[in-house]
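Right, one structure below, let's go through it.
The values are calculated or read from the model by the stated rules, or taken from the named source; none is laboratory data. Keep in mind it's a predicted model, so treat the numbers as computed, not measured. Positions of Cβ are backbone-derived with ideal geometry, glycine not excepted, and every protein chain shown enters the neighbour counts.
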Amino acid sequence: QMSAALKSEAAAAALKEVRNGMRLGIGSGSTVNELIKLLAKEVAAGLDIIGVPASEASAQLCNQLGVPLTTLDETPELDLCIDGADEIANELALIKGGGAALLREKIIATASARMVVIADRSKVVDTLGKFPLPIEVVQFGLGATRVKLEQHLKTNGLSGELVLRGGAEAPVVTDNGNFIIDAHLGTIPDPEAFAKGLNDIPGVVENGLFINLAMRAYVAGDDRVEIIER
Ligand code: DER
């Protein structure tokens with residue numbers, strides 16, 4: 001788990017891309033929380049931006065610290081999205097959704113002209129999949145969706161446990177009123193192939209594979225922030 005200082009360094013590096021008048025996508029998670037704190041200081045010093053937050057948690061912190069917010073209804077096109085990641089592989093293929101915000105994160109990332117990632121070195125991997133892949137599913141028909149997901153795994157030569165996040169007794173409910181199934185695949189050699197068809201399963205809303213979205217990652221190491229370019 002990376003230190004708050006490293007998270008803050010990665011956030012500060014990405015913040016250098018923010019210009020007056022920008023419409024920002026503000027992701028979700030503990031690294032983005034450090035970004036929001038730094039952004040609030042810049043706003044207090046006169047930076048003129050507005051942001052669309054990817055979770056209620058991010059929105060709350062923005063409101064608390066005075067970062068001006070808007071919605072995608074008022075501001076459907078954003079200039080820059082800054083978000084965290086659970087895993088970063090080559091070509092900046094990401095796994096996201098550890099914080100159950102992946103649906104709004106992906107909507108905001110795709111509404112943005114540019115997406116950059118802030119993280120520490122522990123998130124950089126050779127192959128995606130050690131981190132369980134979050135899949136947002138509707139509550140209705142969960143048993144049938146599970147069967148379809150098992151088939152999708154098999155079709156793609158993968159296997160692993162499909163775990164309802166929070167457990168059957170107290171499942172995690174996302175900001176959008178859905179459940180999360182975490183797929184413990186171990187490795188996803190071809191994320192693009194695996195993603196194909198996954199959202200075609202009727203009960204599947206979205207998945208945590210972010211392919212060809214991030215253009216740059218700011219990765220905080222012990223001595224400096226490395227930039228990974230796509
Ligand atoms: O849930 C998410 O998608 C978060 O952005 C996650 O990927 C990173 O969270 P962290 O910054 O708290 O590690």
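Kindly indicate whether any position in segment 109-116 is assigned to a strand (DSSP E or B) and within 12 Å of the ligand (Cβ to nearest atom). Yes, some residue in segment 109-116 is assigned to a strand (DSSP E or B) and within 12 Å of the ligand (Cβ to nearest atom).
Confirm whether ALA59 is at pLDDT 95 or above, aliphatic (A, V, I, L, M), more than 13 Å from the ligand (Cβ to nearest atom) and in contact with a strand residue (DSSP E or B) (Cβ under 6 Å, 6 or more places away or on another chain). The answer is yes for ALA59.
The set of residues from segment 150-167 being of a type in the set (A, V, I, L, M, F, W, C), under 20 Å from ALA101 (Cα atoms) and out of contact with any His (no Cβ under 9 Å at 6 or more places or on another chain) comprises just one member, LEU164.
Being more than 19 Å from the chain's Cα centre (by Cα) and either at pLDDT 95 or above or surrounded by fewer than 19 Cβ atoms within 10 Å (Cβ to Cβ) (or both) is a description that does not apply to ALA14. Within segment 26-42, being crowded, with 19+ Cβ neighbours inside 10 Å and away from the ligand (no atom under 12 Å from the Cβ) holds for one residue alone: LEU39. Number of residues in segment 131-173 that are surrounded by 14 or more Cβ atoms within 10 Å (Cβ to Cβ) and in a strand (DSSP E or B): the value is 7. Can you find a residue that is farther than 22 Å from SER55 by Cβ and charged (D, E, K, R) anywhere in segment 132-143? There is no residue in segment 132-143 that is farther than 22 Å from SER55 by Cβ and charged (D, E, K, R). The residue pairs whose first member lies in segment 43-55 and is away from the ligand (no atom under 16 Å from the Cβ), whose second member is of a type in the set (A, V, I, L, M), and whose beta carbons are closer than 6 Å, counting only pairs six or more residues apart or on different chains, are VAL43/VAL67; ILE49/MET22; ILE49/LEU24.
Go through segment 117-130 and count every residue that is within 9 Å of the ligand (Cβ to nearest atom) and either part of a loop (DSSP other than H, G, I, E, B) or under 15 Å from ASP79 (Cα atoms) (or both). Summing the residues that are within 9 Å of the ligand (Cβ to nearest atom) and either part of a loop (DSSP other than H, G, I, E, B) or under 15 Å from ASP79 (Cα atoms) (or both) in segment 117-130 gives 1. Consider segment 68-94 and keep the residues that are within 16 Å of the ligand (Cβ to nearest atom) and charged (D, E, K, R). The one that is surrounded by the most Cβ atoms within 10 Å (Cβ to Cβ) is ASP83. The condition of being without any contact (Cβ under 8 Å) to a residue 60 or more places away in the chain, crowded, with 21+ Cβ neighbours inside 10 Å and away from the ligand (no atom under 14 Å from the Cβ) does not hold for LEU65. Any residue that is under 18 Å from SER30 (Cβ atoms) and within 10 Å of the ligand (Cβ to nearest atom) - is there at least one of those in segment 132-147? Yes.
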